[in-house]
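Accompanying notes for the structure given below.
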Amino acid sequence: MTKRIKTQSALKGVTRRDFLMMSAATAATLAAARALLPSGAYAATAAPEVTGAKLGFIALTDAAPLMIAKEKGLFEKFGMPDVEVLKQASWGATRDNLMLGGEANGIDGAHILTPMPYLMHTGKVTQNNQPMPMAIVARLNYDCQAISVAQEYAGTGVGLDASKLKDAFAAKKAEGKEVKAAMTFPGGTHDLWLRYWLAAGGIDPDKDVSTIVVPPPQMVANMKVGNMDVFCVGEPWNEQLVHQGVGFTATTTGELWKGHPEKALGLRAAFIDKNPNA
């Protein structure tokens, strides 16, 4: 009802002649736009050059778009029935297999931390700093990561404010013990969120704690045996930590930056150049 009233109000004072002239102008504009666009924009998309590709993923819930696409036959629907969705052991393994490429028993693309394609493209995280041209072709999710803390710190009341861990960490170090904060890949989103959260609470991530790299599926097991005090990772590992009574979630990354980009679908630029329709 509201929309109808607004439409009537907007057209008040417009004559039939005015309406016909506006309609004709709109039709002419659309016709001109169609003439400027390639026929492919209105015709069926050209068939992909290949029927398959090798796409990697890490065991995280935000890899679901790739799995759903595979299980629901979406790759097949668009002419690529032979796409393989391959589990990777870590983000480091993902990088290494992207460097190899699918034709050399690596992968052509991957569910990936958003900074990684940029870091690889500029050679910041590759062997001998060799640039690996990459492209981000889709955003897989926003937010959805968390920072979790070992159960021994439950009494501190730590949450979004990390400063409540400062005294506890200092006391542990005074006993000659190391305080460890785990993330999944240097320069990746988990690394950035963890460092920002600690620093905002007055805890220097380079001096007050030891930052270590642990693959997502190994986070809970490592915290269970006391190998770390805090970690940042995606689901389902924070939930698993809570379920097993090993620790608790202090904050989610959406509380640090609402709507932040998280995982992407990244592809080797060489694959795109060779197979633009795919």
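The values are calculated or read from the model by the stated rules, or taken from the named source; none is laboratory data. Every value quoted in this text rests on a predicted model; they were computed, and no experiment measured them. Neighbour counts are summed over all protein chains in view; Cβ atoms, including those assigned to glycine, are modelled from backbone coordinates with ideal geometry.
What about V230, is it buried (at least 23 other Cβ atoms within 10 Å of the Cβ) and of a type outside the set (S, T, Y)?
yes
As an exercise: evaluate K172 against (1) closer than 30 Å to F271 by Cα; (2) in a helix (DSSP H, G or I) and give the number of the one condition it does not meet.
Condition (1) is where K172 drops out.
Filter region 93-107 for residues that are more than 13 Å from G266 (Cα to Cα) and buried (at least 21 other Cβ atoms within 10 Å of the Cβ) and give the result.
Residue satisfying the conditions is G102 alone.
Please go through region 140-198 and pick out each residue that is basic (K, R) and either buried (at least 19 other Cβ atoms within 10 Å of the Cβ) or outside the structural domain of H243 (by TED's automatic domain parsing) (or both).
K180, R195 - these are the residues of region 140-198 that are basic (K, R) and either buried (at least 19 other Cβ atoms within 10 Å of the Cβ) or outside the structural domain of H243 (by TED's automatic domain parsing) (or both).
Looking at A150, A138, A146, which is the one that is touching a residue at least 12 places away in the same chain (Cβ under 8 Å) and over 26 Å from V242 (Cβ atoms)?
None of the others qualify; the one that does is A138.
Quick check on this structure: which one of T51, T156, T61, T122 is polar (S, T, N, Q) and in contact with a helix residue (DSSP H, G or I) (Cβ under 8 Å, 6 or more places away or on another chain)?
Residue meeting the stated conditions: T156.
Which one of these is loosely packed, with under 15 Cβ neighbours inside 10 Å, of a type in the set (V, I, T) and not assigned by TED's automatic domain parsing to the domain that holds T122: V246, V225, V214?
Selected residue: V225, the only one of V246, V225, V214 that is loosely packed, with under 15 Cβ neighbours inside 10 Å, of a type in the set (V, I, T) and not assigned by TED's automatic domain parsing to the domain that holds T122.
So, in region 73-105, exactly how many residues are part of a loop (DSSP other than H, G, I, E, B) and of a type in the set (G, A, S)?
Total meeting the criteria: 5.
For A135, all conditions in the list (1) closer than 28 Å to N227 by Cβ; (2) within 19 Å of the chain's Cα centre (by Cα) hold save one; what is the number of the exception?
With respect to (1) closer than 28 Å to N227 by Cβ; (2) within 19 Å of the chain's Cα centre (by Cα), A135 is out only on (1).
I'm told H111 meets every condition in (1) within 28 Å of P276 (Cβ to Cβ); (2) surrounded by 14 or more Cβ atoms within 10 Å (Cβ to Cβ); (3) free of Cβ contacts under 8 Å to residues at least 24 places away in the same chain except one. Can you identify the failing condition by its number?
Going through the list (1) within 28 Å of P276 (Cβ to Cβ); (2) surrounded by 14 or more Cβ atoms within 10 Å (Cβ to Cβ); (3) free of Cβ contacts under 8 Å to residues at least 24 places away in the same chain, H111 breaks only (3).
Counting only residues that are over 27 Å from L98 (Cα atoms) and surrounded by 15 or more Cβ atoms within 10 Å (Cβ to Cβ), how many does region 256-278 have?
Here the count works out to 1.
Taking the conditions exactly as written (under 19 Å from the mean Cα position of the chain (by Cα), in a loop (DSSP other than H, G, I, E, B) and assigned by TED's automatic domain parsing to the domain that holds G266), does V125 satisfy them or not?
Spelling it out, V125 is indeed under 19 Å from the mean Cα position of the chain (by Cα), in a loop (DSSP other than H, G, I, E, B) and assigned by TED's automatic domain parsing to the domain that holds G266.
When the residues of region 72-92 are filtered to those that are surrounded by fewer than 17 Cβ atoms within 10 Å (Cβ to Cβ), within 21 Å of the chain's Cα centre (by Cα) and without any contact (Cβ under 8 Å) to a residue 60 or more places away in the chain, which remaining residue is nearest to N277 (Cα to Cα)?
Only one residue tops the list, namely L74.
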